[in-house]
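These notes are about the structure you will find just below.
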Amino acid sequence: MKIAFFSTQLYDKTSFDHTNAAYGFELVYNDMPLDEQTAQLIRPGTDAVCVFVNDKISDKVIAVLAEKGVKIIALRCAGFNNVNIEAAKNAGIQVCRVPSYSPEAVAEHAVAMILTLNRKTHKAYSRVREQNFSLNGLMGFNLHGKTIGVVGTGNIGKAFCRIMLGFGCRVVAFDLVANKEMEALGVEYLPLIEVLKADIISLHCPLNEQTHHLINAYTLDMMKKGTMLINTSRGGLIDTRAVIGALKTGQLSYLGIDVYEQEEKLFFRDLSGSIITDDDIQRLMSFPNVLITAHQAFFTAEALSQIAITTLNNVQQLIKNGKLDTQAALLV
Ligand code: NAI
């Protein structure tokens, strides 16, 4: 049984090869993303393709996959906004994902971004190495007692709420459904408009038609002047131009993003010798109060291992039984 991987990085090969010892699939690794052209490279007898966050699985790609006899699209990630689910359903291709591999990995990265932006440890590190021991410009604020607004309290949002409660913060949240376990821990569910008034806002909802550009000029205006905004979910939740505007006026005082709307042209590559033509990311990188990481929130040893185990297990179960034990992992 053959699985063709796309957008493969060295760390993917390492963890999948290690895990595959227990499964015995034939794994074919491709570095390039899956698109209409690269789909043509899929060899006969390939049962499944394994893709990541920036592989755009459009109806046209799905048509090529169907033609090649591919039966399964296995996402090695949680989010699935990049797959045309309807087209897969119509083509009779099953789609599975890794609904929860290590929510703590992403939640902890969101917290790392908050602490870095607040206490400026990235600047202090460089400064001290230059033998500059001055504290000017490094002042932060106590997290204890501040209000944290969380949008989306699923697996990652819940892990994030727990950490922030531990810091002694007041945690307010917006979700389509309030979570009883979180309420018992002290999280207050409020309408979105109220949650946007928090000192720090962290986004943990999926990207879909309802949440696209959830943060826009209008919602930015509802925030307190000086808010910190963190996005470790998907770039499309934020209208980048509106956020740049809010950073210029000081409406937003800090921005931490691990995801970016146009990231597929940039992230997971070394472009240090290239000219970046995306003016929006260049503008964002020019702000001293903006921290950008290149979609690394998931990137822990524990998460990679769990991703490989769940993905190979999903493919094995779908090939053997046509269904999965974990319903949340099966999208079609
Ligand atoms: P999840 O499915 O467990 O939770 C999502 C939560 O968002 C649910 O509680 C849901 O009810 C809520 N929600 C849905 N629509 C909403 C709306 N319109 N407003 C407010 N809440 C809404 O998902 P999980 O595992 O917590 O992941 C969240 C997102 O994080 C994923 O969709 C993915 O895009 C992103 N992610 C990012 C990673 C990274 O490395 N940066 C890694 C893994 C996931």
**Prompt:** Of the numbered conditions (1) out of contact with any Lys or Arg (no Cβ under 8 Å at 6 or more places or on another chain); (2) closer than 30 Å to residue 321 by Cβ; (3) within 16 Å of the ligand (Cβ to nearest atom), residue 86 satisfies every one except a single condition; which is it?
**Reply:** (3)
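Tell me which residues, restricted to the range 64-79, are modelled with pLDDT of 95 or more, within 14 Å of the ligand (Cβ to nearest atom) and surrounded by fewer than 22 Cβ atoms within 10 Å (Cβ to Cβ).
Answer for the range 64-79, where residues must be modelled with pLDDT of 95 or more, within 14 Å of the ligand (Cβ to nearest atom) and surrounded by fewer than 22 Cβ atoms within 10 Å (Cβ to Cβ): just 77.
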**Message:** Considering only residues that are surrounded by fewer than 12 Cβ atoms within 10 Å (Cβ to Cβ) and under 25 Å from residue 105 (Cβ atoms), which ones fall in the range 141-160?
**Reply:** 144
**Message:** Return the residues of the range 47-63 that are outside any loop (DSSP other than H, G, I, E, B) and surrounded by fewer than 20 Cβ atoms within 10 Å (Cβ to Cβ); say none if nothing qualifies.
**Reply:** 47, 59, 60, 63
**Asked** Under the condition of being polar (S, T, N, Q) and within 19 Å of the chain's Cα centre (by Cα), which residue from the range 80-91 is surrounded by the most Cβ atoms within 10 Å (Cβ to Cβ)?
**Response** 82
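Check every one of the helices (runs of 4 or more DSSP H) wholly within the range 78-178 and list those with 3 or more residues that are touching a residue at least 24 places away in the same chain (Cβ under 8 Å).
Output list reads 85-91, 103-119, 155-166.
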**Asked** Name the residues in the range 80-112 that are of a type in the set (Val, Ile, Thr), closer than 14 Å to residue 331 by Cβ and touching a helix residue (DSSP H, G or I) at 6+ places or on another chain (Cβ under 9 Å), would you?
**Response** 83, 93, 95, 98
**Fill in**
residue 274 fails exactly one of (1) of a type in the set (Gly, Ala, Ser); (2) loosely packed, with under 13 Cβ neighbours inside 10 Å; (3) closer than 21 Å to residue 219 by Cα, namely (3)
**Qualifying positions in the range 303-330 - in contact (Cβ under 8 Å) with a residue 24 or more places away in the chain and within 13 Å of the ligand (Cβ to nearest atom)** = 303, 304, 306, 307, 310, 326, 328, 329
**Message:** Given the condition acidic (Asp, Glu) and within 18 Å of residue 291 (Cβ to Cβ), answer yes or no: does some residue in the range 194-202 qualify?
**Reply:** yes
**Complete:** Residue count, the range 12-69, condition closer than 27 Å to residue 233 by Cα and basic (Lys, Arg), comes to 3
**Message:** Can you find a residue that is surrounded by fewer than 17 Cβ atoms within 10 Å (Cβ to Cβ), farther than 30 Å from residue 165 by Cβ and away from the ligand (no atom under 16 Å from the Cβ) anywhere in the range 92-113?
**Reply:** yes
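Confirm whether residue 275 is free of Cβ contacts under 8 Å to residues at least 60 places away in the same chain and of a type in the set (Val, Ile, Thr).
Working: free of Cβ contacts under 8 Å to residues at least 60 places away in the same chain: yes; of a type in the set (Val, Ile, Thr): yes.
So residue 275 passes the test.
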**Fill in**
Over the range 2-40, the set of residues free of Cβ contacts under 8 Å to residues at least 40 places away in the same chain, aliphatic (A, V, I, L, M) and buried (at least 16 other Cβ atoms within 10 Å of the Cβ) is 27, 28, 34, 39
**Options 188, 183: the member that is of a type in the set (Asp, Glu) and closer than 24 Å to residue 112 by Cα** = 188
**Request:** Output the residues belonging to the range 43-68 that are touching a strand residue (DSSP E or B) at 6+ places or on another chain (Cβ under 8 Å) and farther than 26 Å from residue 298 by Cβ.
**Result:** 43, 45, 68
**Asked** In this structure, is residue 157 within 25 Å of the chain's Cα centre (by Cα), of a type outside the set (Val, Ile, Thr) and at positive phi?
**Response** no
**Request:** Could you check, for the range 120-130, whether at least one of its residues is under 23 Å from residue 259 (Cα atoms), exposed (fewer than 13 other Cβ atoms within 10 Å of the Cβ) and not basic (Lys, Arg)?
**Result:** yes
**Asked** Given the conditions (1) outside the structural domain of residue 207 (by TED's automatic domain parsing); (2) touching a Phe, Trp or Tyr at 6+ places or on another chain (Cβ under 7 Å), which single one is not true for residue 281?
**Response** (1)
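The values are calculated or read from the model by the stated rules, or taken from the named source; none is laboratory data. Quick caveat, the model's predicted, so the values are computed rather than measured. FYI the Cβ positions are ideal-geometry reconstructions off the backbone, even for glycines, and counts take in every protein chain you see.
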